[in-house]
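Before any comments, here is the structure.
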Amino acid sequence: MGLIVAKFGGTSIGNGKRIRKAAQSVVNEYMDGKKVVVVVSAINKTTDELVAIADESIGKEVTEKQLAEILSLGERTSIRVFSSVLESLGVKSEYIDPSHELWPVITDDNYGKAQIDFERTEEQAQGLLSLLEQGIIPVVCGFLGRTENGEVTTLGRGGSDVTAFLLGHCLKADNVIIVTDVDGVMSTDPRKIDEAEKLDYISVEEMRDLATHGAQVLHPHALRFKDPEIKAKIISFEKGDLSDPGTEIVGPFEDSMGKKVCLHHEPISVVAVVGEDLLNQIGLLAKMTSLVADANINIYGISAGQNSITLFLDKEEADDAYHLLHDLVIAEDNLSSISLGRDIAMLTMINPDFIETPGVITEITNPLKENHINIVEISSSQTAIVLFINWEDGKAAYDLIKEVL
Ligand code: ADP
Ligand code: ASP
Ligand code: MG
């Protein structure tokens, strides 16, 4: 029998009518023979309002612990309303807040942005299964946690998405459904560009990058708990139908899991163009890259500085790129010379937690320093670090980095 974790965001339960519609959509699945665990956010903008009230009344004196207690009232209220509406629709329901013995989410005491104790949560979450067996629909506060001492914590703003995927994982759910105020994941925030289009699918990897770059539609940590076999989607509350296709989140894919560092199988070559005041030359990068693109040559990386622009290319194609770019150096006043460098090894490290791990670059580069391995170039983004080093050092660097990641 299918088990669904359905999470309703603030707008989706923004007033009485919407709560009833949301509850009805849950009942429809229940009547269809599914087991449903409901996770809810605070009604509408309650959390913002509680933050503002705490700020105006207590100000800077407010402790994280007090704030967690205050904010928790948003979700503590919404579960009670949602659960009562379910019962009014003729099904059995129980609301679960941090004071309930079956409360699942156990965290440390970092009250404002608590870390989840994964093992304890997994253990504790099994209690919800007993309710489901009895035909009871549990309605669980999103966003909240509880310490081992029974204190209330929060998972950080937008944290109900984390609760949904966390419970989905712990209960081995078939589906995690995020119900929100847009049709799904769009080509951009539809509040910013009207022409935004809905996507039918997005990969876990893309969704994580989108979220870490600030797209609010899903909390960046939520997908840490997405197992490949769980079907997950983001849908709109408007239709009141949990079977709406929305946007399906697919993956994670095998090769993006587990493998933390990857050594490109062949040497890379570096072509460096030097000149004056290069960062202020409008269109210079475009000229360089289109020359290379027209010759059907792939670029693995670019680094740009005031006096040089470096392209990283396949060794076999580097010579052609070198000749093409030399013509550009001759034609452009600001460019003076070009060089074709030696064989370079490219090491790529991908990890969605990089963005939030202070010192991760030091951790990677320290063992290289200790072993006298020089870094030719380094580039980093939110979730990836790419190192370029001499080809002879590639394998040794790969082994060293594997040790620390
Ligand atoms: P909820 O309260 O349901 O958790 P949020 O406000 O946290 O909802 O997230 C939904 C919002 O995310 C949308 O209203 C939209 O403005 C914003 N958003 C940003 N980027 C995107 C995107 N690429 N696709 C869809 N929504 C996006
Ligand atoms: N109610 C919380 C917030 O507004 C959590 C959530 O909505 O996910 O941040
Ligand atoms: Mg949200």
Reported set for the stretch 194-239 where residues are away from ligand 1 (no atom under 14 Å from the Cβ), under 26 Å from GLN24 (Cβ atoms) and not in a loop (DSSP other than H, G, I, E, B) is LYS231, ALA232
Checked THR188, THR180 against criteria (touching a residue at least 40 places away in the same chain (Cβ under 8 Å), among the polar types (S, T, N, Q) and either away from ligand 2 (no atom under 16 Å from the Cβ) or closer than 19 Å to PHE143 by Cα (or both)); the one match is THR180
ALA114 - would you say it is in a loop (DSSP other than H, G, I, E, B), more than 25 Å from GLU69 (Cα to Cα), within 21 Å of the chain's Cα centre (by Cα) and more than 15 Å from ligand 1 (Cβ to nearest atom)?
no
Condition set under 18 Å from the mean Cα position of the chain (by Cα) and loosely packed, with under 14 Cβ neighbours inside 10 Å, scope the stretch 171-188, selection farthest from ligand 1 (Cβ to nearest atom): answer is SER187
The condition of being touching a residue at least 24 places away in the same chain (Cβ under 8 Å) and within 23 Å of SER12 (Cβ to Cβ) holds, among ILE136, ILE116, ILE106, only for ILE136
Next on the checklist: With the structure loaded, tell me whether ILE137 is away from ligand 2 (no atom under 13 Å from the Cβ) and touching a Phe, Trp or Tyr at 6+ places or on another chain (Cβ under 7 Å) or whether it fails that test.
Outcome noted: yes
(1) over 24 Å from GLN382 (Cα atoms); (2) in a helix (DSSP H, G or I) all hold for PHE165 apart from (1)
When the stretch 16-48 is checked residue by residue, the ones that are farther than 20 Å from ALA164 by Cβ, part of a helix (DSSP H, G or I) and more than 16 Å from ligand 3 (Cβ to nearest atom) are GLY16, LYS17, ARG20, MET31
Condition check: within 15 Å of ligand 2 (Cβ to nearest atom) and either free of Cβ contacts under 8 Å to residues at least 40 places away in the same chain or under 15 Å from the mean Cα position of the chain (by Cα) (or both). Does GLY156 satisfy that?
yes
All-but-one check, ILE193 against (1) of a type in the set (A, V, I, L, M, F, W, C); (2) surrounded by fewer than 15 Cβ atoms within 10 Å (Cβ to Cβ); (3) within 16 Å of ligand 2 (Cβ to nearest atom), failing number (3)
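Counting only residues that are under 34 Å from the mean Cα position of the chain (by Cα) and of a type outside the set (Val, Ile, Thr), which one in the stretch 288-301 is surrounded by the fewest Cβ atoms within 10 Å (Cβ to Cβ)?
ASN296
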Residue hits (the stretch 191-222; within 15 Å of ligand 3 (Cβ to nearest atom), more than 16 Å from ASP181 (Cα to Cα) and over 8 Å from the mean Cα position of the chain (by Cα)) are GLY214
Considering the stretch 123-165, residues that are within 16 Å of ligand 1 (Cβ to nearest atom) and at positive phi, and then whichever is surrounded by the fewest Cβ atoms within 10 Å (Cβ to Cβ), we arrive at GLY156
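Rule-based calculations on the coordinates, nothing more; no lab input. All values reported here derive from a predicted model rather than from experimental measurement. Ideal geometry is used to build each Cβ from the backbone, glycine not excepted, and the neighbour counts take in all protein chains shown.
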